[in-house]
1. So which residues in segment 25-82 are of a type in the set (S, T, N, Q) and within 14 Å of the chain's Cα centre (by Cα), if there are any at all?
2. Exactly one of (1) touching a residue at least 12 places away in the same chain (Cβ under 8 Å); (2) surrounded by fewer than 19 Cβ atoms within 10 Å (Cβ to Cβ) is unmet by E153. Its number?
3. Just to verify a result, which residue in segment 168-189, among those that are more than 10 Å from ligand 2 (Cβ to nearest atom) and among the charged types (D, E, K, R), is surrounded by the most Cβ atoms within 10 Å (Cβ to Cβ)?
4. Please enumerate the residues belonging to segment 185-207 that are of a type outside the set (S, T, Y), under 23 Å from F33 (Cβ atoms) and at pLDDT below 95.
5. Run down I206, I178 and say which single residue is of a type in the set (V, I, T) and more than 21 Å from the chain's Cα centre (by Cα).
6. Check whether at least one residue in segment 116-124 is within 16 Å of ligand 2 (Cβ to nearest atom) and either in a helix (DSSP H, G or I) or within 30 Å of A177 (Cα to Cα) (or both), and report yes or no.
Amino acid sequence: MLRESAGISVALSRLHRVTVAFTRAGFEVARVFGVLGLYRLAAPGGYYRELVVEEYASGLPVVNRVASRRYDVVVVAPASSDTVAKIAHGIADNVAVSAASQALKNGIPLVLLPSDAPWVKTTELPCRVRGERCTGCRACIPVCPTGAIVPVEGRVRIDLRYCTGCARCVSACPFSAIRCFERVAVSPSPLDLENLERLERLGVRIARSPSEILAALEELGLCTPRQGSL
Ligand code: SF4
Ligand code: SF4
């Protein structure tokens, strides 16, 4: 749902000022899935159009703006199960959960797109080398623009600290040993469900899909892009 969420941010940014705030982990995930470029389009810089990546205290200005009711809405998308748990229990230790917590305190609508919910059946994995297929031929190494593919014990592996999710390595491998964005089945834990129910009781709008974020914003009276423009 990260790619679709990024697309929605871009479409919304044509109609509204969009601030994008990443936790450190969220930023890494966006890089690995190759969607940072989309988020940079949504928040190219300028007043309230910043892209903030949380380092020490760097998320504070955004959180303070939420506390000052400067935003019409706060959207956390996608929200991992630990983010959902933290918001549900009032823990505010990063920019995403602090902004959400301030939204709840100050009566700003909060829309959440959970990544662990009964209706979410699959998720995508980052790029990876299937060890059993890799022959160690190294054909993939020179095509990687970031040097993320490293030889290890006669095969290669992808160092996700450097991967940008460009997927060039997939077609470079003659043995189909590299997979990017493979879908795997997921299911939420009982605790995830309990936390979601708790948030709904607190008045948080839970979106079941990225397009439901737009529906929630429309309900709030915010102009939203037409589906065709996403
Ligand atoms: S090109 Fe494929 S088989 Fe060759 S080293 Fe890379 S992943 Fe392994
Ligand atoms: S070529 Fe493969 S390993 Fe390198 S950045 Fe692109 S997706 Fe990641």
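The values are calculated or read from the model by the stated rules, or taken from the named source; none is laboratory data. Model, not experiment: these values are computed from the prediction. Virtual Cβ from ideal backbone geometry, glycine too; neighbours counted across all protein chains shown.
1. S80, S81
2. Of the numbered conditions (1) touching a residue at least 12 places away in the same chain (Cβ under 8 Å); (2) surrounded by fewer than 19 Cβ atoms within 10 Å (Cβ to Cβ), the odd one out for E153 is (1).
3. Top of the filtered list is R179.
4. Across segment 185-207, the qualifying residues are V186, P188.
5. I178
6. yes
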